[in-house]
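Read the structure below first, then the notes.
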Amino acid sequence: MAKDAISMAVIKRLPRYYRFLEDLKRAGVVRISSRELSARLGLTASQIRQDFNRYGGFGQQGYGYNVEQLHSEIGRILGLHNRYTTILIGAGNLGRAVANHMVFESRGFELVGIFDKKESLTGQLIREIPIRNVSGLDEFCLENRPKVAVLCLPPEAARALVPQLIELGVQAFWNFSAYDIALDYPDLPVENVHIGDSLMTLCYKISEK
């Protein structure tokens, strides 16, 4: 099936499958059935089989799924082997937390540069990467050719910076700002992370309960 025929709902389930299989691998589990996956993930066995069949199917009738093989196949589908060169802009509390706690290398990315506008932060290390001033962004990008930018900025700062980053060759954004990049650049791959929206969704769930 063509990739453009696969719904975003299916695509967004793939990382969850990958994380769960990673845990099974660590626990020494060799194989698992769709029914067992269903019980642990809260999805129907039919849904899980349909999701996997969209990419060709990986199980054997009567055997189930080989955990290591399925984990590897989903990683391949997600493109985790690519190691896209990545820069992070905004080294405040949020940016530091993202840089320190996200294992970029095992998720398909390589963090190569961190930037902030505050002169006082220049030279400080995060994950052994020195914070650079944004004034040096052009030179760094021309030399290192990052493909992805992580934006941990206020929305207006992000709005002003995105055109410059696109001009410098950045092709995708992991966006923690409230600026909706897709409105101005609908063809760019963008993943928006709205922490406030997530908290309000939790508020709704509690209220409904």
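Read the figures in this text as sums done on the coordinates, not as results from a lab. Given the structure is predicted, the values throughout are model-derived calculations rather than measurements. When we count neighbours, we look across all protein chains shown, and the Cβ atoms used for this are built from the backbone with ideal geometry, even at glycine.
Run through the DSSP bridge list for the chain and note the antiparallel percent, rounded to the nearest 5.
Counting DSSP beta bridges with both partners in the chain, the antiparallel share is about 20 percent.
For a quick protection proxy, order the peptides 103-109, 72-78 by their average other-Cβ count within 10 Å, most packed first.
Taking the mean over residues of other Cβ atoms within 10 Å, the ranking is 72-78, 103-109.
Please work out the C-alpha center-to-center distance from region 130-209 to region 1-45 and express it in whole Å.
Their Cα centres are 28 Å away from one another.
Which of rounded, prolate or oblate describes region 11-75 when judged by the alpha-carbon gyration tensor and an a/c cut-off of 1.5?
Rounded, since a/c falls under 1.5.
Quick one, could you list the DSSP H helices from the chain stretching 18 Å or more along their long axis (Cα atoms) with average Kyte-Doolittle hydropathy of -1.0 or above?
Qualifying helices: 8-26, 155-167, 195-208.
Just from its helices, what would the mean residue ellipticity at 222 nm be for the chain, if runs of 4 or more DSSP H residues each count -39500 (n - 2.57) and the sum is divided by every residue, rounded to the nearest 500 deg cm²/dmol?
Using -39500 (n - 2.57) per qualifying helix, the result is -14000 deg cm²/dmol.
Mind checking which lysines have their C-alpha under 26 Å from residue 147, skipping anything on the same chain fewer than 8 residues away?
Leaving aside lysines fewer than 8 places away in the same chain, those within reach of residue 147 are 3, 12, 117, 118.
Assign one of three labels to region 84-197, namely rounded, prolate or oblate, based on the Cα gyration tensor with a ≥ b ≥ c the square roots of its eigenvalues; rounded applies when a/c is under 1.5, prolate when it is not and a/b is larger than b/c, and oblate otherwise.
rounded
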